[in-house]
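What follows is a set of notes on a single structure, which appears directly below.
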Amino acid sequence: MKKKFDRVYQFKITLKGVKPSIWRRIQIPETYTFGDLHIVIQNAMGWKNYHLHEFEMYHPLTGEKTRIGPPDEEDWFFKQEIVSEDKQKIANWFSMENRVSDYTYDFGDNWEHKIQLEKILPRDKNIEYPVCIAGKRACPPEDCGGIWGYEEFLETIGNPNHEEHEEMLEWIGGEFDPEHFDVNEVSF
């Protein structure tokens, strides 16, 4: 059963460190948790949810930077507790005064995203949420080596004379257009 909601949170998710910018604009119900937001980001960006992830955001009550992630996760190296994403509703954290969160996906490739709350809107009864309403550029492929690996990947597939050109095209499934993004291809 879906939870009733009256408000929708509109976020812009931007992949950090990549130029030109890769971003998505999404709208999600106020009842969503950070776990739900994670899945929406995966779908909107085009990631496959193969890797670990984590949010980092200022706690609205304490002002302390807080790590939010999968349930029962703990960072043993830094001895820091990670707050369970499945128990934290976005509406209790995000406000027009507390608008930004960091989101890291795949700690090996280290894809860092900026999540910014743009608006809190009344629900439109004619829209099925979540929804991706805009975006730019294709998401980098999984496991391509982070920002630097992605740059090398683009250089390789863009140069038919590169010794790894054919191998990279085969790895990606035949073709990859870094400029392609169609909001109608996003499904949740």
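The values are calculated or read from the model by the stated rules, or taken from the named source; none is laboratory data. Predicted model only: the values in this text are computed from it and were never measured. Backbone-built Cβ (ideal geometry, glycine too); neighbour counts: all protein chains shown.
Here are the numbers:
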item: Some residue of the stretch 145-161 being under 24 Å from the mean Cα position of the chain (by Cα) and aliphatic (A, V, I, L, M); result: yes
item: Single residue of the stretch 7-60 satisfying the filter (basic (Lys, Arg) and part of a loop (DSSP other than H, G, I, E, B)) that is farthest from Asn110 (Cα to Cα); result: Lys19
item: Matching residues in the stretch 165-188 - criterion: being surrounded by 14 or more Cβ atoms within 10 Å (Cβ to Cβ) and farther than 30 Å from Val40 by Cβ; result: His165, Leu169
item: Which numbered condition Phe107 fails, given (1) out of contact with any Leu (no Cβ under 6 Å at 6 or more places or on another chain); (2) touching a residue at least 40 places away in the same chain (Cβ under 8 Å); (3) in a loop (DSSP other than H, G, I, E, B); result: (1)
item: Failed item, numbered, when Thr156 is tested on (1) at pLDDT 95 or above; (2) within 21 Å of Phe11 (Cβ to Cβ); result: (2)
item: Qualifying residue in the stretch 53-70 (condition: of a type in the set (A, V, I, L, M, F, W, C) and under 14 Å from Gly135 (Cα atoms)); result: no
item: Tally of residues being outside any helix (DSSP H, G or I), free of Cβ contacts under 8 Å to residues at least 12 places away in the same chain and of a type outside the set (Gly, Ala, Ser) across the stretch 167-188; result: 2
item: Selection from the stretch 81-106 of residues that are aromatic (Phe, Trp, Tyr) and either surrounded by fewer than 17 Cβ atoms within 10 Å (Cβ to Cβ) or within 17 Å of Val8 (Cα to Cα) (or both); result: Trp93, Phe94
item: Hits in the stretch 107-144 (condition: of a type in the set (Lys, Arg) and either under 22 Å from the mean Cα position of the chain (by Cα) or surrounded by 15 or more Cβ atoms within 10 Å (Cβ to Cβ) (or both)); result: Lys114, Lys119, Arg123, Lys136, Arg137
item: Checklist (1) more than 16 Å from Lys114 (Cα to Cα); (2) within 16 Å of the chain's Cα centre (by Cα); (3) in a loop (DSSP other than H, G, I, E, B) applied to Lys4, failing item; result: (2)
item: Hits in the stretch 136-166 (condition: assigned to a helix (DSSP H, G or I) and either among the charged types (D, E, K, R) or touching a residue at least 12 places away in the same chain (Cβ under 8 Å) (or both)); result: Gly146, Ile147, Gly149, Tyr150, Glu151, Glu152, Phe153, Leu154, Glu155, Thr156, Ile157, Glu166
item: Gly69 being in contact with a strand residue (DSSP E or B) (Cβ under 7 Å, 6 or more places away or on another chain), buried (at least 16 other Cβ atoms within 10 Å of the Cβ) and at pLDDT below 95; result: yes
item: Selection count, the stretch 40-63, where residues are buried (at least 19 other Cβ atoms within 10 Å of the Cβ) and under 23 Å from Asn184 (Cβ atoms); result: 5
